[in-house]
Amino acid sequence: DTACKNRPLDLVFIIDSSRSVRPEEFEKVKIFLSEMIDTLDVGERTTRVAVMNYASTVKVEFPLRTYFDKASLKEAVSRIEPLSAGTMTGLAIQTAMDEVFTEEMGTRPATFNIPKVVIVVTDGRPQDQVQDVVASARTAGIEIYAVGVDRVDMQSLRTMASEPLDEHVFYVETYGVIEKLTSKFRETFCAVNLCALGTHGCQHVCVSNGASYLCDCYEGYTLNPDKRTCSAVDMCAAGRHECDQICVSKNGSYVCDCYEGYTLNPDKKTCSAMDMCAPGRHDCAQVCLSNDGSYSCGCYEGYTLNPDKKTCSTADVCAPGRHDCEQVCVRGDLFYTCDCHQGYTLNPDRKTCSRAVMSSLVTTEESCKCEAIVALQDSVTSRLEALSSK
């Protein structure tokens, strides 16, 4: 009946592989698990299945998050090997609570209202205390079905099973007929699949939930308050993405990008600064100055940056404030020299000036001229004195 599928479950099989279970009997248990899987509506959004194997130790063969299709589940079941010692049923149930019924291992959040179900298959009496463990499981909202085979201790089955007991305790005479329980579990887990009727009104996903249903959304979308339609989640909201610099929302998902001057690393999340001064990456006429993923332009000495901040022009090196000459700046092609006003001389520092001192040295010719003039003056003076005396 296609309109009657099992309701979504987080279902864990706990199978006894103690010494009392002969190898051929254990193979029958694996066949039972495979046939049970065939009756289930297996999928990530429907029923998830885990299998645990126990004896005196417990082994999680695979958790709820591993397989979401029947073929993979059945293949994994076929590879299970018995442990062959002890019957620590309480330990197995406790391990299910601690290591399997967790969101990390694939159990869906409580808000999804997906039943957590355990089916224990055993043929013996537990060698540990199960009463307290089972009480904890019930408190955690775990529903337990107990399947006993052959010489099983019925009281133990009743202790571990959920209420009402007549719906949660099953018994078969041998492992050879355990498969007949498949139809009973099919009926137990069956619910009218309202999602298959096409009247649910869910925009994205319809999840059957017993005699009712819930709407869900594809990844990257969130259910609107009307509980039917979906809206794209802002994946770029704070704390929702892993982008180092820029998050770009994209149809319920996102991609990462980087600021100008940075490039996206191979991890598609983080960014590294580019060498913007590498050849071909900048448009500076003379000098490129790298600056943390960006750049600025500069000029050689003797040039000045134009208003376009890219090209350069020869600087007026003698403009006020551009030289250190005390008196006169003499501009060359790219450089300058200092000079002094008339009557001053340039100091050894080639920048400052001092007032010139007239030299007292005269040439021989000048010296002779001076002596002749003095002699003439003396002669004239003597004559004048002689005339005066007469």
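The values are calculated or read from the model by the stated rules, or taken from the named source; none is laboratory data. Predicted model, so just to flag it, every value in this text is computed and none were measured. No Cβ is skipped: glycine too gets one built from the backbone with ideal geometry, and neighbour counts run over all protein chains shown. For accessibility, only protein heavy atoms count, side chains too; no ligands or nucleic acids. Shrake-Rupley method; radii C 1.70, N 1.55, O 1.52, S 1.80 Å.
Report the full-extension gain for the segment Q245 to E99: residue separation times 0.36 nm, less the Cα-Cα distance, to one decimal in nm.
That works out to 48.8 nm of additional length.
Hydrophobic long helices, here whole DSSP H runs in the chain with Kyte-Doolittle means of at least 0.5 and Cα atoms spread over 27 Å or more along the helix axis, are not found. Of all lysines in the structure, the ones whose alpha carbon falls short of 19 Å from that of K269, not counting any fewer than 8 places away in one chain, are K250.
Computed over protein heavy atoms with a 1.4 Å probe, the accessible surface of the chain works out to 57 Å² per residue. With R₀ fixed at 30 Å, the C-beta to C-beta distance from V328 to D308 puts the FRET efficiency at about 0.35. Scalar couplings 3J(HN,Hα) for the stretch 168-179, obtained by applying the Karplus form with A = 6.51, B = -1.76, C = 1.60 to θ = phi - 60°, are 10, 10, 10, 9, 10, 5, 9, 5, x, 10, 5, 5 Hz; x denotes Gly and Pro. Run the numbers for E44 and K184: contour at 0.36 nm per residue of separation, minus the present Cα-Cα distance, in nm. Result for the pair: 48.0 nm of gain on full extension. For the stretch 31-117, applying the loop criterion from DSSP together with a ceiling of 12 other beta carbons within 10 Å to the trypsin sites (Lys or Arg not before Pro) yields R79. Applying both filters, DSSP loop and at most 11 other Cβ atoms within 10 Å, to the GluC sites (Glu not before Pro) of the stretch 82-191 gives E173.
Reported to the nearest whole Å, the Cα centre-to-centre distance from the stretch 226-247 to the stretch 33-92 is 35. Can you compute the FRET efficiency between S56 and N113 using 1/(1 + (r/R0)^6), with r the Cβ-Cβ distance and R0 = 30 Å? Round to the nearest 0.05. After rounding, the FRET efficiency stands at 0.25. Listed options for Cα Rg over 2.2 N^0.38 Å are [x] 2.36; [y] 0.99; [z] 1.19. The value calculated from this structure is the one marked [x]. A simple spin-label model places the labels of S382 and R79 14.4 nm from each other, with each point 7 Å out along Cα-to-Cβ. Segment V357..T222, full-extension length gain: 39.0 nm, with 0.36 nm per residue of separation and the alpha-carbon distance subtracted.
What FRET efficiency comes out for T337 versus D283 if R0 is 25 angstrom and r is the Cβ-Cβ distance? Round to the nearest 0.05. That gives a FRET efficiency of 0.10.
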